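Visitor: Let me begin by handing over the structure; questions about it come next.
The values are calculated or read from the model by the stated rules, or taken from the named source; none is laboratory data. Keep in mind it's a predicted model, so treat the numbers as computed, not measured. Here the Cβ positions follow ideal geometry from the backbone for every residue, glycine too, while neighbour counts run over all protein chains shown. Each accessible area value is taken on the protein alone, full model and side chains, heavy atoms only, with ligands, DNA and RNA left out. Shrake-Rupley method; radii C 1.70, N 1.55, O 1.52, S 1.80 Å.
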Amino acid sequence: MDTRLLEASQTGSSMMLHQLLQENPLILHTHALFSSDNPLHVASMAGHVDFVREIIRLKPEFVKQVNEDGFSPIHIASANGYLEMVMEFLKVDQGLCRIVGRNKWTPLHFAASRGWSNLIQELLLVCPQSLEDVTVQNETSLHLSIKNSQFEATEVLLAWIKEKKRDDILNMTDEFGNSVLHLATWRRHRQVVEWLIRFGNNTTGGTLIVNAVNKSGLTALDLLLIFPSEAGDREIDELLRKAGAKRANDTFEHSTNQQPMDTHCTIENEDELVEYFKFKKGRDSPSDARNALLVMAVLMAAATFQVGINPPSGVWQDSDLNGNGNGTTNTPKHVAGSSILGSYNSVSYMLFVVFNSIGLSLSLYMITILTENLPMQLEFQLCVIALYFTYYTGLANMAPLNGTRTAIVVLSAVLPPTIHHLVKLTRLIMKKIKRVLLYLSKYFR
């Protein structure tokens, strides 16, 4: 996109836009040669409604274009809660309320997940059928509002479901078989559970299935009892049981129309539960995985740094350069502040230092990778360098008087800059070992 057109879109300057059109009447037609974003994408992010109106007047086909990230202008406006802007898009084509973006998200999905209740109202007035639209994970807008704890949005959606007598939407399940009642119970949203039960029992054309079983073989009541907390469990338990909720085993034991439940799908199967909570590519978003890894890396960095400057057995509080102790015990020579463990056993101390330093270096390496391309990279790298310097300075000063100080200085100079290559080498070795084991297993089969 032309840099001046980009600036006009970012600032919402209609005057600059018309100046550019005077200079080059085809500027709105040639932007696609250089960028997948059109001016509407940029203006939608910035919230410039007047500029959006002008672009729509000049080139209305822009409203349907999807950028390389999989978002159309109405997706961006819906995610940001720009109600007036969304209405301008719908004036062009009301079918935009069901336009599919990345992961099959519609504008209603974005509005529900962010809690824009006013926007949800307007979208459903135009297109109530979008209530049944699902994402690639088979999540409805109601799934997303409950999943993201958007209570006002949830209430609005339930009111529409009740008005349209579409309580079948309450029983729709995601890719893991979870209904909205499963999610509300799992999140301990007592008010939402109450709404679901009340609306589900009062609408016509069907009722809420309180004993629906997900793909892990669990009902909503199972989720409440297997993973107890103090966040309103008793009240939720009462609501569910009054609505006829049962555990999966009880449901199948008393059912005459169902086959006995497979023992591999019951709630007693701990392997099933462990597998359920493992990271799965395609189900869990890369953003969630990155955040989880970043939290773990930060915790490991904090732990290894703290252990490194507070070594096992502590440090000497006095100096004894002769190693005579108090005359009754034989103690190694030492200076105040040096490691007691290192004075007695230099091998154990060096093993401690090496592995703890590897842990710190790897955790900082992970943090560096996970924060790459974020702003203020120079400041962050300086922080990492300062952390390394303070850590290894502390280790060197705590080294006992038995030659380990030189080894620590060498380690501090070698390990940080080579950790990336060590990781690659380790991966290569592991691949070679797996190939050898696979070959041996086939050979001796």
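Visitor: Report the full-extension gain for the segment ILE309 to LEU58: residue separation times 0.36 nm, less the Cα-Cα distance, to one decimal in nm.
Guide: Net length gain for the segment: 83.8 nm.
Visitor: Another one. With the full set of protein chains in place, find how many percent of the accessible area of the range 1-138 is carbon and sulfur; take the probe as 1.4 Å.
Guide: 51
Visitor: Given R₀ = 35 Å, what would the calculated FRET efficiency be for TRP186 paired with MET87, taking r from the Cβ atoms and rounding to 0.05?
Guide: 0.50
Visitor: Report the gain in length on full extension from ALA336 to LEU6: 0.36 nm times residue separation, minus Cα-Cα distance, nm rounded to one decimal.
Guide: Between ALA336 and LEU6, full extension yields 112.4 nm more.
Visitor: Here's a follow-up. Counting only the heavy atoms of the protein chains, how much of VAL180 is accessible to a 1.4 Å probe, in Å² to the nearest 10?
Guide: 0
Visitor: If you don't mind, another one. Report the calculated FRET efficiency for PHE380 and LEU440 (r = Cβ-Cβ distance, R0 = 35 Å), to the nearest 0.05.
Guide: That gives a FRET efficiency of 0.20.
Visitor: Provide the FRET efficiency to the nearest 0.05 for the GLN19-ASN138 pair, computing r from the beta carbons and using R0 = 56 Å.
Guide: 0.70
Visitor: Tell me, what is the per residue accessible area of the range 94-172 in Å², probe radius 1.4 Å?
Guide: 40
Visitor: Let me ask another. Explain nothing, just compute: Karplus ³J(HN,Hα) = 6.51 cos²θ - 1.76 cosθ + 1.60, θ = phi - 60°, for every residue of the range 182-193 in order, whole Hz, x for Gly and Pro.
Guide: Whole-Hz 3J(HN,Hα) from phi for the range 182-193: 4, 5, 5, 5, 4, 7, 6, 8, 4, 4, 5, 4.
Visitor: Between ARG198 and GLU68, with labels modelled 7 Å along Cα→Cβ, what's the label distance in nm to one decimal, could you check?
Guide: A separation of 5.0 nm, rounded to one decimal place.
Visitor: Also: What spacing in nm lies between the two simple spin-label points modelled at LYS215 and SER287, each 7 Å away from Cα in the Cβ direction?
Guide: 2.2
Visitor: Tell me, what % of the accessible area of the range 286-412 is carbon and sulfur with a 1.4 angstrom probe?
Guide: 68
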